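The values are calculated or read from the model by the stated rules, or taken from the named source; none is laboratory data. As the structure is a computational prediction, the values presented were derived from the model and not from experiment. Heads up, the Cβs are rebuilt from the backbone with ideal geometry, glycines too, and the neighbour counts pull from every protein chain shown.
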Amino acid sequence: MLLATANLIAVILGIMLVRLGQRAAIDWHDHRGLSFLQLGLRQLHTLLYQQKSLPILQILPRTNPPPASASIAKREKLDFRIEFARITIVSS
């Protein structure tokens, strides 16, 4: 339970970082595609190094923020991908 709580705190910190537009402060290669967990852990490390307290955590958003991408080509693939859904028909 302790590890799950730590994981959740790090993910929330990462999402808050992206929401506030401060991803570049932690991840200098802004489009590298670090996960929210990695961003949150780096933010936590920075706060501990600077001896600052943890910010007030916000609730998780209903939808995920847009992911980072390593290149413009990958961003275009993410933006213009076609997703298929399987339709299952059950007859009675």
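Against the numbered list (1) at pLDDT below 75; (2) of a type outside the set (D, E, K, R); (3) surrounded by fewer than 10 Cβ atoms within 10 Å (Cβ to Cβ), residue 29 comes up short only at (3). Of the residues 20, 39, 13, 60, the single one that is closer than 30 Å to residue 80 by Cα and in contact with an Asp or Glu (Cβ under 8 Å, 6 or more places away or on another chain) is 39. Taken together, 39, 57, 13, 44 contain a single residue that is touching a residue at least 12 places away in the same chain (Cβ under 8 Å) and part of a loop (DSSP other than H, G, I, E, B), which is 57.
Looking at 35, 69, just one residue is hydroxyl-bearing (Ser, Thr, Tyr), surrounded by 13 or more Cβ atoms within 10 Å (Cβ to Cβ) and modelled with pLDDT of 75 or more, and that residue is 35.
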